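Asks: Sharing a structure with you now.
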Amino acid sequence: MNYQFPEGFWWGSAASGPQTEGVFEGDGKAQNIWDFWYEEKPEKFFNGVGPDKTSRFYKKYQEDIQLMKETGHNSFRTSIQWSRLIPDPETGAVNPKAVAFYNDVIDGLLANRIEPFFNLYHFDMPMTMQEKGGWLNREVVDQYVFYAKTCFELFGDRVKKWFTHNEPIVPVEGGYLYGWHYPDEVNLKHGVQVAYHEALASAKAIEVYHSMDLDGEIGIVLNLTPTYPRDEQNKADVEAARLVDGLFNRSFLDPAVKGHFPEDIVNWVKENDLMPVTTPEDLKTIAENTIDLLGVNYYQPRRVKTKESPVEIAGNTILPEDFYDVYDMPGKKMNPYRGWEIYEKGIYDTLVNLKENYGNIRCYISENGMGVEGEERFVNAEGMIEDDYRIEFVTDHLKWVHQAIQEGSQVQGYHMWTCMDNWSWLNAYKNRYGFIAVDLDNEAKRTIKKSGYWFKALTENNGFN
Ligand code: BG6
């Protein structure tokens, strides 16, 4: 069968500033929560590798843009680092070296016919803002909007695709439930307030962007995890799946696309005494400023069942898992090198859901990819990593994306996570995802993997057989 994609389909990859740029070489960059946390607790990071030891995009971006070209990219997403652009949010002064750097990146991409997709926030709260409470503090929302406006003013003449956040659930889960992000608290009430402020910040940035008449579009990138009950016929399992979908997906998707929070989740939040501080003006802002375009990150589904041994629900230590159990489905397909389930049809189910329940919002796959620990073992005699498993992973997912498009979904592109193997928060360099290997011990030397050459052929044909 021939899998041809619509004309003008965006092919490329996604990355983020804090995971690629390198920190301490950066001219005038201030600390963000990752730089700070690494300084405080380096033992938390896999093999003790911190954000300073990234793939060094800050120095190597010209080479990297050429490599993107060599691997067939016509588009690329990264994020601006707030702490690089505006090192002191109190004064709001921009860092001229950061402006020059991002200008060069944008111009370099455009000169090579690679459309820049820019995201504003990828988990990297500036430390001065975190000291005020980060996303918990309403004032930080206004500082973020100022930062967003500054980005639009500086770069909006050339960057036509903007995103307000990458995966806003993750700072909630990581920072306020499970300990993968600073401030490493367990406090769902705080988590709910953070989620609310992120939604508000996004709507406010969208409002500013649209008021500037910049001839581009703005959206948000969400990691949507289709949630399946153990047994479709079991009412309690189905209800558990509905709650989990509400907490992890709809709480972010509904305000972004429909302009309001899902009613069942608002009721659940009230019942569990988790209501955030809100104002009617905020809710109006959220209602009136929805996205133009959605980025969909898809890695794996969630499988759930009803709680078998109910736990006592106790105040601020309450966790989403107090209301459901994870269902370990027998025979599910696993990525043997990362421990995540592989369920290709999940990407299709997500797209069908967007088509049927979210007005068929225009979207693109903004992340999808396969993390592999110990990928060096697949290096061939010529020094190239033969990542056939990644080629298979992407092909199998693309078949389902193609199917969704055939059935009318408005999917406009596919970005793999990621271009260069990059640093990934507490996991640091544990899981490799790139088309291109980075040798950290050898000046971050780049080598294209087999998947990179394969991707070039795919994008040149705008599809595959
Ligand atoms: C995505 C994030 O969800 O997962 C990235 O947007 C992250 O920032 C990627 O690096 C891979 O995560 P991990 O934990 O497998 O390294």
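Asks: Which one of Val438, Val401 is away from the ligand (no atom under 15 Å from the Cβ) and closer than 30 Å to Trp180 by Cβ?
Replies: Val401
Asks: Has the range 34-56 got at least one residue that is crowded, with 24+ Cβ neighbours inside 10 Å and within 17 Å of Phe118 (Cβ to Cβ)?
Replies: No, the range 34-56 has no match at all.
Asks: Going through Ile291, Ile313 one at a time, which residue ends up being within 19 Å of Ala236 (Cβ to Cβ), among the β-branched types (Val, Ile, Thr) and either surrounded by 18 or more Cβ atoms within 10 Å (Cβ to Cβ) or at pLDDT below 95 (or both)?
Replies: Matching residue, one of Ile291, Ile313: Ile313.
Asks: Pick from the range 151-194 the residues that are over 14 Å from His122 (Cα atoms) and among the small types (Gly, Ala, Ser): which of them is nearest to the ligand (Cβ to nearest atom)?
Replies: Ranking the qualifying residues of the range 151-194, first place goes to Gly179.
Asks: Going residue by residue through the range 332-340, is there one that turns out to be away from the ligand (no atom under 16 Å from the Cβ) and either in contact with an Asp or Glu (Cβ under 8 Å, 6 or more places away or on another chain) or modelled with pLDDT of 95 or more (or both)?
Replies: So far as the range 332-340 goes, yes, one or more of its residues are away from the ligand (no atom under 16 Å from the Cβ) and either in contact with an Asp or Glu (Cβ under 8 Å, 6 or more places away or on another chain) or modelled with pLDDT of 95 or more (or both).
Asks: Let me ask you something else. Taking Asp27 and the conditions (1) in contact (Cβ under 8 Å) with a residue 40 or more places away in the chain; (2) within 23 Å of the chain's Cα centre (by Cα), which numbered condition does it fall short on, given that it satisfies the others?
Replies: It is condition (2) that Asp27 fails.
Asks: On the basis of being within 16 Å of the ligand (Cβ to nearest atom) and in contact (Cβ under 8 Å) with a residue 60 or more places away in the chain, does Tyr144 make the cut?
Replies: No; evaluated as a whole, the condition is false for this residue.
Asks: What's the number of the only condition in (1) more than 16 Å from the ligand (Cβ to nearest atom); (2) within 23 Å of the chain's Cα centre (by Cα) that Ile448 fails to meet?
Replies: Only one criterion in (1) more than 16 Å from the ligand (Cβ to nearest atom); (2) within 23 Å of the chain's Cα centre (by Cα) is unmet by Ile448, namely (2).
Asks: If a residue has to be surrounded by fewer than 17 Cβ atoms within 10 Å (Cβ to Cβ) and outside any helix (DSSP H, G or I) to count, how many in the range 161-182 make the cut?
Replies: 2
Asks: I've got another one for you. Gln300 is checked against (1) under 30 Å from Thr447 (Cβ atoms); (2) part of a helix (DSSP H, G or I); (3) not basic (Lys, Arg) and fails just one. What number does that condition carry?
Replies: (2) is the only condition that Gln300 fails.
Asks: Follow-up. Only residues that are among the acidic types (Asp, Glu) and either farther than 25 Å from Thr279 by Cα or more than 16 Å from the ligand (Cβ to nearest atom) (or both): list them for the range 195-218, please.
Replies: Residues satisfying the conditions are Glu207, Asp213, Asp215, Glu217.
Asks: List pairs: first in the range 378-393 and in contact (Cβ under 8 Å) with a residue 24 or more places away in the chain, second among the hydroxyl-bearing types (Ser, Thr, Tyr), Cβ under 6 Å, 6+ apart or cross-chain?
Replies: Listed by first residue and then by second, the contacts come to Asp387/Ser451; Arg390/Ser451; Ile391/Ser451.
Asks: Check Glu90 against each of (1) assigned to a loop (DSSP other than H, G, I, E, B); (2) touching a residue at least 60 places away in the same chain (Cβ under 8 Å) and name the one condition it does not meet.
Replies: (2)
Asks: Please go through the range 117-133 and give me each residue that is under 30 Å from Met416 (Cβ atoms) and more than 16 Å from the ligand (Cβ to nearest atom), ordered by number.
Replies: Selection gives Pro126 alone.
Asks: Which one is farthest from the ligand (Cβ to nearest atom), of the residues in the range 367-384 that are more than 23 Å from Lys333 (Cα to Cα) and not acidic (Asp, Glu)?
Replies: Ala381
Asks: When you scan the range 49-64, do you find a residue that is in a loop (DSSP other than H, G, I, E, B) and within 19 Å of Phe163 (Cα to Cα), even just one?
Replies: Scanning the range 49-64 turns up no residue that is in a loop (DSSP other than H, G, I, E, B) and within 19 Å of Phe163 (Cα to Cα).
This table checks each residue for (1) within 16 Å of the ligand (Cβ to nearest atom); (2) in contact (Cβ under 8 Å) with a residue 60 or more places away in the chain.
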residue: Thr278; (1), (2): no, yes
residue: Lys284; (1), (2): no, no
residue: Asn289; (1), (2): no, yes
residue: Tyr299; (1), (2): yes, yes
residue: Thr306; (1), (2): no, yes
residue: Glu312; (1), (2): no, no
residue: Thr317; (1), (2): no, yes
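Asks: In the range 93-107, which residues are of a type outside the set (Lys, Arg), in a helix (DSSP H, G or I) and within 20 Å of Pro18 (Cβ to Cβ)?
Replies: Selection gives Ala98, Val99, Ala100, Phe101, Tyr102, Asn103, Asp104, Val105, Ile106.
Asks: Mind checking which residues of the range 19-40 are in a helix (DSSP H, G or I) and touching a Lys or Arg at 6+ places or on another chain (Cβ under 9 Å)?
Replies: Within the range 19-40, Thr20, Asp35, Trp37, Tyr38 qualify.
Asks: Can you pull out every residue in the range 200-218 that is part of a helix (DSSP H, G or I) and in contact with a strand residue (DSSP E or B) (Cβ under 6 Å, 6 or more places away or on another chain)?
Replies: Ser202, Ala205, Ile206, Tyr209
Asks: Still on this structure, I have one more. Output the number of residues of the range 219-260 satisfying the condition of being touching a strand residue (DSSP E or B) at 6+ places or on another chain (Cβ under 6 Å), outside any helix (DSSP H, G or I) and within 16 Å of the ligand (Cβ to nearest atom).
Replies: 6
The values are calculated or read from the model by the stated rules, or taken from the named source; none is laboratory data. Model, not experiment: these values are computed from the prediction. With ideal geometry, Cβ positions are generated from the backbone for all residues, glycine too; neighbour counts draw on all protein chains shown.
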